[in-house]
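Presented below is the structure to which this report refers.
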Amino acid sequence: MDLFVVGGGPAGLSAAGEAARHGLRVVLVDERVTLGGQIYRQPGPGFVVRDARRVGRDYQRGVALVDAALRAGAELRCRTSVLSLRGTTAACLTEGRGHVTLIRARRVLVAPGASDRPVPFPGWTLPGVVTAGGAQALVKASRVAPGSRLVFAGSGPLALAFPAQLRHLGVHVVLALEAGPMPRVRHLARILAAGWGNAALLRDALSYRAQLVEARVPLRYARAVVRAEGEDRVEAVVHAAVDADWRVIPGTEERLDADTLCVGYGFVPSTELLRLAGCRFTYDEDLGGLVVEVDAWQRTSAEGVSAAGDGTGVRGAPAALGQGRLAALGAAADLGAITQARADELARPVRRRLAAKERFRRALLPLYAVGAGIYELASPETVVCRCEEVTLARLEEVMEATLDVDAVKSYTRAGMGLCQGRNCQRQVSALLTRRRGPSTYAAPSLSVTAGSAVALSEEQLATLAGTTPRPPVRPAPIGVLADDSVPDQGLFVGG
Amino acid sequence: MLLPRRQDLAGDVPTDSDVVIVGGGLAGCALAYFLAVAGVEVVLLERAELNREASGTNAGSFHFQIAIHQLTGAGWDADRARLLDDVRFLSRAASMWMDLERELRADLGVHVTGGLMVAETPEQLDILVQKQRVEREGGLETEVLTGAGLRTFAPYLAEDLVGATYCPSEGYANPLVTAPAFAARAIEAGAAVRTHVPVWEVERLEDHSGGSRFVVRHARGALRARRVVNAAGAWAPDLARANGLKLPLHAEGLHVNVTEPRARLLHPVVQHIGRRLTLKQSANGTFIIGGGWPARAEPWPARYSIRWTSMTGNAAVARRVVPALADVRVIHTWAGVWAGSEDLLPVVGESARLPGYFTFVVPTGFTLGPLMASLLAEQMTLSATTRVPLEYSPDRAPVFAGGARRAVPG
Ligand SMILES: Cc1cc2nc3c(=O)[nH]c(=O)nc-3n(C[C@H](O)[C@H](O)[C@H](O)COP(=O)(O)OP(=O)(O)OC[C@H]3O[C@@H](n4cnc5c(N)ncnc54)[C@H](O)[C@@H]3O)c2cc1C
Ligand SMILES: Cc1cc2nc3c(=O)[nH]c(=O)nc-3n(C[C@H](O)[C@H](O)[C@H](O)COP(=O)(O)OP(=O)(O)OC[C@H]3O[C@@H](n4cnc5c(N)ncnc54)[C@H](O)[C@@H]3O)c2cc1C
């Protein structure tokens, strides 16, 4: 096989199609039941639900991508998760099969997407607190609207979209909070200047805003949730004004009755497989944190491994499509299926579009740059690691003994549970880096001048990533992993 | 949880000490503790954080039963005397662990659950029966279980396993907190423990008129010492080589699988007499499964990486012995670096060629580390009632001639 693609979202699908068109033998796998990734999977009350036409549009795009890939000859497999990646060999597990399959390819493209950025605050573990992604999944799976009085708190261009969409489903959105500043004329001027080539993105943003206004959902800027209150589930939400770094301004707290709190502070790239493959990373909070280093053809520092889409920094679906194509063209050229000149020529318009998207993203940064205050909301009793039930107080106590990320983990067990640190690691590393002081770590770009990635030393990477990457990256039953053909020499190793 | 405080580990490094210990694993920390409470001036230097190598990455099981690697193959009669010595140490280690939480005034997560060693074949069962006799004689309580007795006692074991020995004093403790607790109490007793101070070399002084025989050169300067203890675990041979010592030790990466937590299925620690398996269900319900499967070496400070076949091979043995594990999901794996000796015996004592230079590396070091530390400390303070056996000498030739057989615990 020439190209093995992990992830059937926009990035993976566009890459699979493009590569197969140039004659590469391509296999794509996705662990979900359907292809399309976050945005293009099945119709329904998905990401853009203003009217059926819009839902249809995203769905149609997904169908078109899948069709194009299949027509070009790519093989697409659902319900197949990749458990490990070493070199260009991947260990795959297909649901319902009793064993793991090893797939060897000349090139691997990792396009695993992103997940909700976890933000611990007092009450974040109460039933009734949902993440934006979780709320969408719930709505999609059960068609049940989460709660009857919903507060949305978050930031980013999508943060506008969620309340608008939920509203549309009949959810009573009582308040939407954006942690970033109210757009000013200078912001808008910058955004409009970058808007050239991004009309669709601009139109979407404006329409979400208009929908909220139309539905009379109050949208308040520079405010963040500080706490969810309730006995057995959310009964009230306390929010407060925040400064430019999203730090709470004392005395500005307000309390509002609600039964659901939906939190959407953006997304973080899925990096497990890329870390297992040994790729180099940089750090950019606004792209989601750890960001794999890629070259102009989306190749990582690991031989034969490329990456594309949100998994390389959260930029949204249009960028994911473009990056997927670049990765495919790069692989096709590397493997001799097309000439370098042909690859350059085909890539040119793609690069132009990506550059326009990037301009737009940067223009929006002053509004949505993630503030450090977001990781300072937890109180001593707040459970930071939900799997192992580790409170902030416990973490702080142990940080009197050590500031080493591994040691903190081993003393507290934070990050050792089922989610393997996906929910608590960012908070733990924020606590560590704050204590170490700015001199000993490259301050992650938690600032308005963001957009400039910080190169990471091994130690910084370890602190920010927390866990040593280990297979399997998805839980896998012992009976499925078990391989009786592996020789067991017993306790004696012949010498 | 009893942990040393950050500021206590970060102070200046003294320039002079009676004893300098290199290595802050369980061996080094426990020895520092026993020396300090005996009033000896001691400095411990660790290149990174305390307890981040073998001592903090092991499975935490107590292995008190005689393991197959303790047999030389020369027959029970030939091995008997030595095995009896081993058993006496092992049962002393068992009593010491029973008392350790009290001694250190710390929760070390000690769980005495009992331990099973299973046999798959009649030949293996025969070894179990023989070894159990020696254990009895040496004062370690064990019993042989077969047939219906075994089924009733351990219904979770595969039905076709022919037998097992059971040792009620086996169990496990929490390796993540044990060495740090020793370090905290050592500091209380006056030891200087310093982290992030790699030792580059131990230089022997020709002129000991000042009392010092060595200069320990480290990342932050130099430290004169009367005695040096090399407790650098898998890296001990590297340090010793510069002094012309060839320790009978090698580094090996060992693999461990961790599963999601499940309702209580089994209490005892389970191992296999003839295959690579140790497994237990820890207090929080997760299964910790190892047994000596290899991991891929990486240059320090990178962590050893995982061999896929170790995960899948180890899983196969686990399922073979406890079939109900088949649907339990592995959520994580890890690898630790183990210092093994060819004959699996501890490497403990002073080198005749380099008076004042001690080595302290124990292969089943979680089980035996605290006991050996207390014995070595007694020897170093000349208060010993039990001598560390000469067979443990770092100068020894391996017991197994030619080192033809090598064994690994887990
Ligand atoms: C909750 C959420 C809501 C969003 N809403 C919008 C919106 O309204 N409008 C908009 O423009 N953009 C939205 N986005 C962003 C958009 O979905 C992404 O930018 C886009 O989907 C990125 O494409 P991708 O191919 O990189 O990743 P994805 O679309 O996320 O696809 C990645 C795929 O990889 C698979 N995968 C991951 N790891 C493995 C593994 N180990 N083994 C097998 N398969 C694996 C996943 O199952 C997934 O299907 C949203 C994103 C999220 C997370
Ligand atoms: C995966 C695994 C599972 C195991 N399971 C068990 C078990 O269940 N039961 C059991 O009894 N045993 C078990 N063992 C064995 C046991 O863990 C070890 O025997 C024991 O921890 C050794 O302790 P140590 O202090 O000698 O070595 P280590 O803990 O490795 O400590 C050595 C220390 O020396 C430091 N160091 C090295 N060089 C220098 C230098 N130049 N300067 C300063 N510092 C230096 C290192 O950083 C390290 O901290 C297992 C081992 C492994 C790897």
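No value in this document is a laboratory result; all are computed from the given coordinates. Bear in mind the structure is a predicted one, so any value in this text is a computation, not a measurement. So basically every Cβ, Gly included, is an ideal-geometry build from the backbone, and we count neighbours across all protein chains shown.
Dimensions of the range A:111-206 along the principal axes, based on C-alpha atoms and rounded to the nearest Å, stand at 43, 32, 28, largest first.
From the mean inverse distance of alpha carbon pairs (Kirkwood) and the Cα radius of gyration, derive Rg over Rh for the range A:346-390.
Values: Rg = 19.3 Å, Rh = 14.2 Å.
Checking Rg against Rh, the ratio lands at 1.36.
Across q = 0.25 Å⁻¹, the range B:133-218 modelled as identical point scatterers on its alpha-carbon atoms has Debye log10 I(q)/I(0) values of -1.19, in the order of the q list.
Taking only the C-alpha atoms of chain A, the Rg (one decimal) and the largest Cα-Cα distance, Dmax (whole number), read 22.7, 79 Å.
Under 5 Å from the amide H of B:GLY109 lie the amide H atoms of B:ASN174, each residue being 5 or more positions distant or on a separate chain, with H modelled from the backbone and absent for Pro and chain starts.
Apply the a/c threshold of 1.5 to the C-alpha gyration tensor of the range B:306-378 and tell me whether it is rounded, prolate or oblate. Prolate, because a/c is 1.5 or more and a/b exceeds b/c.
Kirkwood analysis of the Cα pair distances in the range B:209-323 returns a hydrodynamic radius of 17.6 Å. Note on A:LEU202 and A:LEU169: with the Förster distance fixed at 25 Å, the Cβ-Cβ geometry gives a FRET efficiency of about 0.50. Our note on the geometry: Cα centres of the range B:327-395 and the range A:388-425, 30 Å apart.
For the range B:233-286, what value does the Rg/Rh ratio take when both radii are computed over Cα atoms and Rh is the Kirkwood radius, given to two decimals? Can you show the working numbers first?
Working: Rg = 17.9 Å, Rh = 14.5 Å.
Using only Cα positions, Rg/Rh for the range B:233-286 is 1.23.
Taking all Cα pairs closer than 8 Å and separated by 6 or more residues, the relative contact order of chain B comes to 22 percent. When both the range A:227-303 and the range B:182-226 are represented by their alpha-carbon centers, they are found 46 Å apart. Distance between the modelled labels on B:LEU84 and B:ARG102, one decimal in nanometres: 3.0 nm (7 Å Cα→Cβ projection). Remark: relative contact order (the range A:162-302) = 17 percent; criterion is Cα-Cα distance under 8 angstrom and separation of 6 or more residues.
Ranking request for peptides B:344-355, A:90-101, B:250-261: highest mean number of other beta-carbon atoms within 10 Å first, then the rest in descending order.
Details: B:344-355: 19.6, A:90-101: 15.8, B:250-261: 21.2.
Put in order of decreasing packing, that is B:250-261, B:344-355, A:90-101.
Applying the Karplus relation 6.51 cos²θ - 1.76 cosθ + 1.60 with θ = phi - 60° to the range B:230-247 yields 3J(HN,Hα) values of 8, 10, 8, x, 5, 9, 4, x, 4, 5, 6, 4, 4, 9, x, 9, 10, 7 Hz, where x marks Gly and Pro.
Figure legend: label point modelled 7 angstrom from the Cα of B:ARG396 along Cα→Cβ; residues of the range B:371-385 with amide N under 16 Å from it are B:372-373, B:375-376.
Let me check against my output: what whole-number percent is the relative contact order of the range B:213-258, with C-alpha pairs under 8 Å and at least 6 apart?
Working: 36 pairs, mean separation 10.4, N = 46.
The normalised contact order for the range B:213-258 reaches 23 percent.
Convex hull volume of the C-alpha atoms in the protein assembly as shown, normalised per residue: 176 Å³. Phi angles of the range B:80-90 translate, via the Karplus equation with coefficients 6.51, -1.76, 1.60 and θ = phi - 60°, into HN-Hα couplings of 3, 4, 5, 4, 4, 4, 4, 4, 4, 5, 5 Hz per residue; Gly and Pro are given as x. Cβ screening of chain A for cysteine pairs under 4.7 Å finds these without a partner: A:CYS78, A:CYS92, A:CYS262, A:CYS279, A:CYS387, A:CYS419. For the range B:299-308, the Karplus equation 6.51 cos²θ - 1.76 cosθ + 1.60, evaluated at θ = phi - 60°, returns couplings of x, 4, x, 5, 6, 4, 9, 8, 8, 3 Hz by residue, with Gly and Pro reported as x. Sparse packing (at most 12 other Cβ atoms within 10 Å of the Cβ) combined with a DSSP loop state is found for the following GluC sites (Glu not before Pro) in the range B:152-188: B:GLU159.
Legend: mean number of C-beta atoms from other chains within 10 angstrom of residue C-beta atoms, peptide A:411-423, equals 3.
Evaluated on the range A:215-274, the Kirkwood hydrodynamic radius is 13.6 Å, with distances taken between all distinct Cα atoms.
Treating the range B:65-155 as a set of equal point scatterers at the Cα positions, no solvent, please give the Debye-formula log₁₀ I(q)/I(0) at q = 0.14, 0.16, 0.17, 0.25 Å⁻¹. Evaluating at q = 0.14, 0.16, 0.17, 0.25 Å⁻¹ gives log10 I(q)/I(0) of -0.62, -0.77, -0.84, -1.27. Each peptide in A:231-239, A:263-271 receives the mean, over its residues, of other Cβ atoms within 10 Å, and ordering these scores from highest gives A:263-271, A:231-239.
In this structure the amide hydrogen of B:PHE62, modeled in the peptide plane, comes within under 5 Å of the amide hydrogens of B:GLY171, B:TYR172, B:ALA173, none closer than 5 places in sequence on its chain. Proximity of backbone amide H atoms, modeled 1.01 Å from N, is registered between B:GLU201 and B:ARG217 at under 5 Å, excluding neighbours fewer than 5 places apart on the same chain.
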